[in-house]
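Bear in mind that the values in this text are calculations on the coordinates, not laboratory data. These numbers were taken from a predicted model, which means no experiment stands behind them. We place every Cβ from the backbone using ideal geometry, glycine too, and count neighbours over all the protein chains shown.
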């Protein structure tokens with residue numbers, strides 16, 4: 001067996017096997033599969049991909065965990081099968097080539113998830129999260145794919161008291177963080193001061209047997225983007241060593257120091273902030289970096305606040321919710337009624353494909369040829385998502401793009417000697433959050449009420465009072481406007497980015513300046529990427 005990953009519920013597997021507790025994760029999974037085959041693979045929790053080879057029967061089986069925590073893709077022809085957890089491996093095989101998958105790049109250009117997950121390299125197939133593949137090894141045999149685990153979209157939780165929900169959330173988040181603290185070396189954490197990273201750092205500090213190091217970005221010249229008023233008191237309170245990354249003068253330089261991915265031609269202009277953080281972590285000998293990425297996906301409400309309040313609590317609470325969205329969000333009664341009530345009732349209810357649906361402006365960004373390549377396939381999670389309590393949340397949490405982001409991060413962090421780990425991508429936690437009543441995700445405009453209650457006595461008051469996250473828009477606008485190097489790459493001939501972005505997009509008056517600047521920077525990055533890679 002070839003294994004890439006981590007097993008989080010080791011105690012369960014050890015109890016089932018009645019085996020030694022000092023087995024490595026790979027050896028433990030190997031023993032489990034030998035005893036029970038893949039029929040009980042759904043019991044294994046953690047980010048993993050593996051290839052299991054039975055030499056006697058010439059049978060090959062491979063799988064990827066349900067949260068997509070590890071990547072898995074394959075290439076097959078009439079005589080052979082190649083499986084890998086990194087597409088870079090395929091660059092060593094001339095018969096595959098390295099032509100990139102154009103529809104995927106078109107989606108990447110406009111930050112749109114695919115309806116059917118695909119690999120970056122043309123001709124290579126991607127294994128979806130929670131799927132397994134089987135190949136018999138006989139000449140002419142074809143690979144078959146099936147699902148070994150998918151979240152039950154019909155699952156609903158009905159605890160007796162609100163406090164039970166809060167206590168279970170706290171237990172599951174603490175468990176998710178504990179699972180990611182297991183390592184031989186120092187642990188670091190990205191700390192922004194928001195409602196994802198702050199409880200993550202608190203829980204890690206309370207549970208870790210080693211000293212924790214937190215890394216925060218700081219902006220002396222852009223006070224609105226600076227979060228030290230949240231992060232410094234928290235670190236002082238828990239004795240966490242705090243590394244401040246001063247970002248005022250940091251910006252991607254488009255030179256040999258710029259982090260690039262050979263397979264990902266589009267990026268976001270935070271590269272230099274990340275690189276400075278990675279370099280600091282390397283100096284601190286960090287081996288695991290906790291990251292709160294995708295935590296906000298767990299709180300996607302699908303605008304169900306009013307309808308679910310009526311179902312869970314009653315008419316009076318539903319009317320309060322509707323009144324809030326009418327007045328405090330400055331909507332008319334009719335707009336609020338359409339958005340939060342009528343759109344959620346049969347026959348008006350219609351499932352939307354979320355990020356899989358192209359943004360309305362896509363036709364103005366993408367050339368017609370690229371827009372046509374994306375196609376109009378049904379999203380791979382649509383059938384299950386329609387049965388979920390909150391369809392959009394179900395799709396966002398389980399879509400393959402989150403696992404893909406982790407795979408890209410591994411390429412950029414490997415050179416610095418540490419691994420990023422994501423507590424909010426924990427399977428048990430995600431499954432719980434998909435089934436809780438909507439009022440615990442947002443209530444009368446308060447964001448993340450379940451988290452605030454769970455960590456009420458552990459977080460500083462100013463963190464508990466936060467209701468919005470810092471989006472670093474001002475630093476992006478200033479950086480892109482002042483970035484002469486990016487302007488040069490943007491205007492450089494040949495302008496490779498014209499394959500993906502229309503010039504007329506930048507003349508649109510109804511598009512926010514920040515949006516146009518980010519797309520323009522991505523065009524410059526694509527020109528730079530072309531130069532570096534080819």
task: Mark the label point 7 Å from the Cα of residue 56 along Cα→Cβ and return the residues of the stretch 1-43 whose backbone N is within less than 14 Å of it.
output: 34-37
query: For the pair residue 502 and residue 253, what calculated FRET efficiency results from E = 1/(1 + (r/R0)^6), where r is the Cβ-Cβ distance and R0 = 30 Å, to the nearest 0.05?
result: 0.60
field: Contour excess over end-to-end distance, with Cα ends at residue 30 and residue 328 and 0.36 nm allotted per residue
entry: 101.7 nm
query: Between rounded, prolate and oblate, where does the stretch 475-533 land on the alpha carbon gyration tensor, with a ≥ b ≥ c its root eigenvalues, rounded for a/c under 1.5, else prolate if a/b exceeds b/c?
result: oblate
query: Ranked highest first by average number of other Cβ atoms within 10 Å, how do 20-26, 440-446, 68-74 line up?
result: 68-74, 440-446, 20-26
- line: Once both label points are put 7 Å beyond Cα along the C-beta direction, the residue 43-residue 408 separation in nm becomes 3.7 nm
task: Counting only C-alpha contacts under 8 Å and six or more residues apart, can you give the relative contact order of the stretch 87-188 as a whole percent?
output: 14 percent
task: Rank the residues 520, 154 as a footprinting-exposure proxy: fewest other Cβ atoms within 10 Å of their Cβ go first.
output: 154, 520
task: For the stretch 381-442, just run the numbers: alpha carbon Rg, then divide by 2.2 N^0.38 Å, N being how many residues it has.
output: 1.38
message: Could you list 377, 364 so that the one with the fewest beta carbons within 10 Å of its beta carbon is first and the one with the most is last?
response: 377, 364
query: Could you give the length gained on full extension between residue 142 and residue 371, defined as 0.36 nm per residue of separation minus the Cα-Cα distance, in nm?
result: 79.3 nm
message: Give me the percent relative contact order of the chain, please, defined on Cα pairs under 8 angstrom at least 6 residues apart.
response: 18 percent
task: Between the alpha-carbon centers of the stretch 417-441 and the stretch 200-261, tell me the distance in whole angstrom.
output: 22 Å
message: 7 Å from Cα along Cα→Cβ at both residue 19 and residue 386: what's the point-to-point distance in nm?
response: 4.2 nm
- prompt: Given the rule -39500 (n - 2.57) for each run of at least 4 DSSP H residues, summed and divided by the residues of the chain, what is its mean residue ellipticity at 222 nm, to the nearest 500 deg cm²/dmol?
  reply: -11000 deg cm²/dmol
- line: Expected unfolding gain across residue 343-residue 488 under the 0.36 nm per residue rule, minus the alpha-carbon gap, is 47.5 nm
message: Give me the one-decimal nm value for the distance between modelled label points at residue 510 and residue 184, 7 Å along each residue's Cα-to-Cβ direction.
response: 6.0 nm
field: Taking N as its residue count, the alpha carbon Rg of the chain over 2.2 N^0.38 Å
entry: 0.99
query: How much FRET efficiency would the formula 1/(1 + (r/R0)^6) give for residue 316 and residue 534, where r is the Cβ-Cβ distance and R0 is 51 Å, rounded to 0.05?
result: 0.20
message: I'd like the FRET efficiency for residue 211 and residue 276, computed as 1/(1 + (r/R0)^6) with the beta carbon distance as r and R0 of 22 Å, rounded to 0.05.
response: 0.55
